[in-house]
Each structure stands twice: as C-alpha cells, then as structure tokens.
Amino acid sequence: MVVDLRELLKKIFALKGIEVLDREPYDYIWVRHEEGLELIYLEENEDVDGDYVLSFARNTEQVHASKTIICIKECTQDARKMAEKLGIELLNRAEFARVLGELIIELYESNKLEELNILEEEDVEVEDFEELESEDEDVIPIFLEEVGDGEERIIKPAISPQEADRIAREYVHGFTQELVLLPYYVFDYSLEVLIEGTIQTKAVKGVLALNALNGKGEFWKRGYETVTRLDIEHRKMEPKIDFEEAKMIAEKSLEEEYSKEEEVKIEGENVTIIEKRKTRPKKGSVKTNFLGLYYLPVWIMSGKGGMIMINAVTGATMKGKIY
C-alpha cells in the first residue's frame, strides 16, 4: 500500500477530534480547532527558502487563519526568518517527525490507533473505475517502440479496402474511398490516484495518444504493429499542434481523466455501503514520457447518405470531426 502523507494527517486530525474541512484549494489541509481556523501546507517535492515562504504568504493573504508550512525536504535559515516575519509557522522534517510521532502515540494511548489503519489495506473498492488498476489481463500491452529524433511511424493497417467497403455499405452508398493518416503524439504515463476519505493511493499507468489535429486525447489499451512506409496510396495529414502544446494538453487530460466522483464500495462486518467519493491525481505524481509521432490510418468513405470514417486498424467507425 502507498500511504499519502497528506491524507494520513487529515485522518489523524479527525481521530483527535479536530474538525477537518472539505474546502478548496484541496492542496491545503484545512482544520478548525479551539484556537480557530488553521491552514496547513505539506511541501514534499522541493526545498523551502525565503522566496518560497513569501510566495506562500502572497497566495494565501486573503485567508484569515493561522498558517503552517511543513517541509519534508530542506528548510533554509532564510525561510525561518521570513516565516517569523510573516507570522507563519514553519516545521522542518525533524520537527514534523516529532509532532507526528506524538500524535500517533496519543492515538495509541486512547485506543484509537487501530482506527488509523495504516498497516493494512483499507477495505475500499472503487467500482467502474478500470483505469485505477495497474494491470489488466484484458489489456494487450502496448508495444509501440520509441522513435528517434525526426523519425515517424505509421501504425500498420489491418482493414483492407474491400473490408472497409463492406463496413461502409451499412451507412453510405455509391461512395468514394480514401486512406488518410492522422497524426498522434503518443505518451506513456504513470500517476498515483488519491481516493477521498482514505490514506492510500493506487498506481496507474497507460498510454495516451493525442490527436495532433484537434487536441483530443485517447487512451490506447492495445498494442499496434508499426511500419515506416505504406505501399497503398494514402494522404498524410500534418500536425496542427506543436509538441510543447501537446505535452501540456496531455498532462491536463490526465488530471481531468482521474479527477472524478466515483462510486466506492465499503465492506463492513454485516453490511456493504455504496457511496460517492472523489478521486484525483496525487500532486506531483503525474509523469509522461513521449514515445513519438505516430500516424493512425483511417478510411474515409463518402457517398449518398453522407460520410463515414473507419479505423483502418480496428474496423471501428469513428464519429466526430477528425480534421
């Protein structure tokens, strides 16, 4: 089990009788206790210096609450001076470890440590969220190879012109036929998904293909054979989106795809409870690796009754404006 430190803290606070608030932005921990509202930020990924503390103060200046920054990495003397000047409490790694240890001991002494449940998997199952599984026996592993600089690959067609004709007859008549190659920026990715109300994360990985014409992302779950050229006559479309823009769109698409409200099943001793819980990627966990520019072959069939696009690899009809 991968334990998310932020969610662990929230659960400890709740067990201590401290009110934990569900408030945006969710990167902060919002708690209310006897002394009032407190905003806590856990910095796990970078060092904290004076400029960091000043930026934090500016970003939260509209929040009327006591503020705390917990530094898991390095914490400079300059950061301490700036925090003291701005009235922000700063805890370095050692100080936070002592506080966390005290909290856990207090839970132990009050017989609440078992409720924290950090030593075993929580009995929480996400329904209808197949992407959360790191391995899926029904998914064919992607074996798109990474291409070299400037090199492009074409996904090998599996649907012949005759087969495309047969499929198209169900939709259009008296048609013309053309094979078009659509450009895709292909990334493999990995991330960790947080489930609201739990302290665990689930590792996710896969392949995201971004249409280089319209910016639409597709999650590919099967392998494709590639070639460097086609003997059959075709027309190749050139990308309208550059690589840097495609990378930003890909990362945003992953954030949106895994930020959802899903049904979860909680197993009790004598009852199963179904409830809605939010999921989101853990901050800083989204990683993408560019595999290359690949061209997906599509049959464009037009005639009486309109136009239809057929995926020349799978035979599936493709709806929507592709280009």
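The values are calculated or read from the model by the stated rules, or taken from the named source; none is laboratory data. Please read all numbers here as calculations on a predicted model, not as lab measurements. All Cβ positions, even for glycine, are placed from backbone atoms using ideal geometry, and neighbour counts span all protein chains on display. Each accessible area value is taken on the protein alone, full model and side chains, heavy atoms only, with ligands, DNA and RNA left out. Shrake-Rupley method; radii C 1.70, N 1.55, O 1.52, S 1.80 Å.
Values for this structure:
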read-out	value
Of all accessible heavy-atom area on segment 5-116, the percent that carbon and sulfur account for (1.4 Å)	45
Label-point gap, in nm, between ALA316 and LEU113 - each point 7 angstrom along Cα→Cβ	5.1
Gained length - ARG98 relative to LYS260, 0.36 nm times residue gap less alpha-carbon distance	54.8 nm
ILE232 versus ASP51: modelled label distance in nm, points set 7 Å from Cα along the beta carbon direction	5.6
Spatially near lysine pairs across segment 5-116, Cα under 25 Å, sequence gap of 8 or more or different chains	12
Angstrom value of the Kirkwood radius, inverse mean 1/r, which spans all Cα pairs in segment 20-90	12.4
Too-long pairs where the Cα-Cα distance tops 27 Å, listed order kept, from LYS236/LYS260; LYS236/LYS282; LYS221/LYS283; LYS216/LYS304; LYS156/LYS247	LYS236/LYS260; LYS236/LYS282; LYS216/LYS304
Accessible surface, segment 5-116, averaged per residue in Å² (probe 1.4 Å)	60
